[in-house]
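The values are calculated or read from the model by the stated rules, or taken from the named source; none is laboratory data. Computed from a predicted model, the values in this text were never measured in an experiment. FYI the Cβ positions are ideal-geometry reconstructions off the backbone, even for glycines, and counts take in every protein chain you see.
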Amino acid sequence: MGGGRKIPYPKHVWSPAGGWYSQPANWKANTAFFTVVIFGITAMVWKLSAELEYRHKMPEPDRFYPSRYWSKQIIEYEKKQKEKAAEQSNTEAS
C-alpha cells in the first residue's frame, strides 16, 4: 500500500536543484536565510518607490488611500492642510 519502491536513478547525476530525491541537511537554514534576503530586498524597493513617488493630484481627505501612510509628499500635503484648517478655525474663533 506504500505505492511501491522508489524508481532507480543514477548516482552520478548533478543538477542545480540537487538531483533526484534531494533533501539537503540544511534546508531550514537556507529557507530562513533567503526569506530574510527576499524580505530585505522587498523593503529596500518599497522604500525607494515611496521616496520617488510623485502625485499630481492629491487624494481626497476622507477616501481610503494606502500610500498616504508612507508617501512623503502626501504626508507633507496633509500636514499643511491640517495647519491651514487650524489657522482658519483660530481666525474664525477670534
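Within the range 10-22, take every residue that is loosely packed, with under 10 Cβ neighbours inside 10 Å and aromatic (F, W, Y) and give me the one that is modelled with the highest pLDDT. In this case the residue turns out to be W14.
Taking the range 21-64 as the range and being under 26 Å from E78 (Cβ atoms) and among the aliphatic types (A, V, I, L, M) as the test, the residues that pass are A43, M44, V45, L48, A50, L52, M58. Within the range 56-77, being outside any helix (DSSP H, G or I) and surrounded by fewer than 13 Cβ atoms within 10 Å (Cβ to Cβ) holds for H56, K57, E60, P61, D62, R63, F64. Q81 satisfies every condition listed in (1) surrounded by 10 or more Cβ atoms within 10 Å (Cβ to Cβ); (2) at pLDDT below 85 except (2).
Here's the yes/no breakdown for (1) closer than 30 Å to H12 by Cβ; (2) without any contact (Cβ under 8 Å) to a residue 60 or more places away in the chain; (3) among the hydroxyl-bearing types (S, T, Y); (4) out of contact with any helix residue (DSSP H, G or I) (no Cβ under 8 Å at 6 or more places or on another chain):
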| position | (1), (2), (3), (4) |
| --- | --- |
| Q23 | yes, yes, no, yes |
| T31 | yes, yes, yes, yes |
| V36 | no, yes, no, yes |
| T42 | no, yes, yes, yes |
| V45 | no, yes, no, yes |
| A50 | no, yes, no, no |
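Residues in the range 23-35: is at least one modelled with pLDDT under 85 and outside any loop (DSSP other than H, G, I, E, B)? Checked against the condition, which is being modelled with pLDDT under 85 and outside any loop (DSSP other than H, G, I, E, B), the range 23-35 yields at least one hit.
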